[in-house]
Amino acid sequence: MGSLTALTQEIERKLQKAMSSQNQSSILLQGLFADIALEVDVRAKDIIFINDAGLSLAEDGITNSCLCFYDVLADHYVREPEDANRILELIVQLWSQSFASHIFVLLFHKWLCEVSLEDSDTLLRYASALVQGATDLFWIDIQTNTRRFLSLFRYLLDEVSLVPDRLAKIPLQARRDLLLLLSRFIFFYNLVDRLDPFLNQFPIFPNAFLLGGSTDIFVIELADQLQKLKVEPVLVHYLSHMGVLKGLELRMTTNTRLKACLYSFTSPGGPMYPTRIVRHAAWDALDLLFPIGRYPRHFISLFFRLLYPWYWPSSCWNFVVSCIKAVVYSILRLIFSGWEKMKRLKNS
């Protein structure tokens, strides 16, 4: 018996225990979800790939240090649909419980996209659950500022949204929801290099006359996502990648919406209460995307800052520190450049 089959039997046992223990089912499913999302250590990798694939880890060319159990199990259920069916039946019976949809997404995202389902209603229900469950998982990554579910996101982006045949298998409504979901998190997972082919896969939305084309819809989703972010490093990460939007043809309303979103992060105080690093990142993104009116914007911002005297000490202090750093860095650059010139003269 292979190690993945043994893992499947253990998952089945825990799911059956969750069904029989109604009072503790949520806790049991949460524990199962945590186990599935765990990273596979080096010893377990060798056991899995030797026993189930007949290969060592090195021979298979797999060097991903963040390989998780759900990665190998998702592949296993595509190869062994009988194992998948037993687990799926139990998850469906636990569908109303917390973490059931999360477990379904981790274990069956590849199975859903690669195995043909004849029942259109079942396909729609599973596809909708995939989008909802994946949304929750990606938000877990954002709240913890980790990339534990990167492989899931990369699969949905590269192997589903950018593969027309697989994308067409998903019902239209779920397909639209999936593309909107990927739009909101593509910056977070550092896959903006796929942006152009990704935008080309957008279907026609019912309200496209009001919202615009794929680029407009993408930017609107991105602006809405920015407003929801509360983790400072993640928000700064998003703002630092806004330069990829430069040159996109957007409607006037979309441009205004994006500009207002960025501008909301440039002032201290409510309702955003952005930190100094967030404000500077927002100003950089705003000046890069909307260079026209740059100086009037900064002047108006300075004027309103002067209306709040309690901000003056911190502003003056940060200004002095920035000037000192600039002077020190300039002196260090002059010293190092002088040393380089002296070395070149000696060598010549």
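Against the conditions (1) surrounded by 16 or more Cβ atoms within 10 Å (Cβ to Cβ); (2) more than 23 Å from C68 (Cβ to Cβ); (3) not aliphatic (A, V, I, L, M), F108 satisfies every one except (2).
With respect to the conditions (1) in a loop (DSSP other than H, G, I, E, B); (2) over 24 Å from L235 (Cβ atoms), A129 lacks only one, and its number is (1).
Could you say whether any residue in segment 239-256 is outside any helix (DSSP H, G or I), farther than 21 Å from L182 by Cα and modelled with pLDDT of 90 or more? Yes, the conditions are met somewhere in segment 239-256.
Evaluate segment 296-312: report whether one residue or more is aliphatic (A, V, I, L, M), at pLDDT below 85, loosely packed, with under 10 Cβ neighbours inside 10 Å and part of a loop (DSSP other than H, G, I, E, B).
Looking through segment 296-312, at least one residue is aliphatic (A, V, I, L, M), at pLDDT below 85, loosely packed, with under 10 Cβ neighbours inside 10 Å and part of a loop (DSSP other than H, G, I, E, B).
Among residues of segment 108-143 being under 12 Å from P171 (Cβ atoms) and of a type in the set (D, E), the one that is modelled with the highest pLDDT is D121.
Remark: V160 falls outside the filter, which requires a residue to be assigned to a helix (DSSP H, G or I) and over 19 Å from L130 (Cβ atoms). When D224, D196, D216 are screened for being charged (D, E, K, R) and modelled with pLDDT of 95 or more, only D224 passes. Of R175, R148, all but one fail to be of a type outside the set (F, W, Y) and part of a helix (DSSP H, G or I); the exception is R175.
The values are calculated or read from the model by the stated rules, or taken from the named source; none is laboratory data. Worth saying up front: this structure is predicted, and the values here are computed from it rather than measured. A quick note on method: Cβ atoms are made from the backbone with ideal geometry, for glycine too, and the neighbour counts reach across all protein chains shown.
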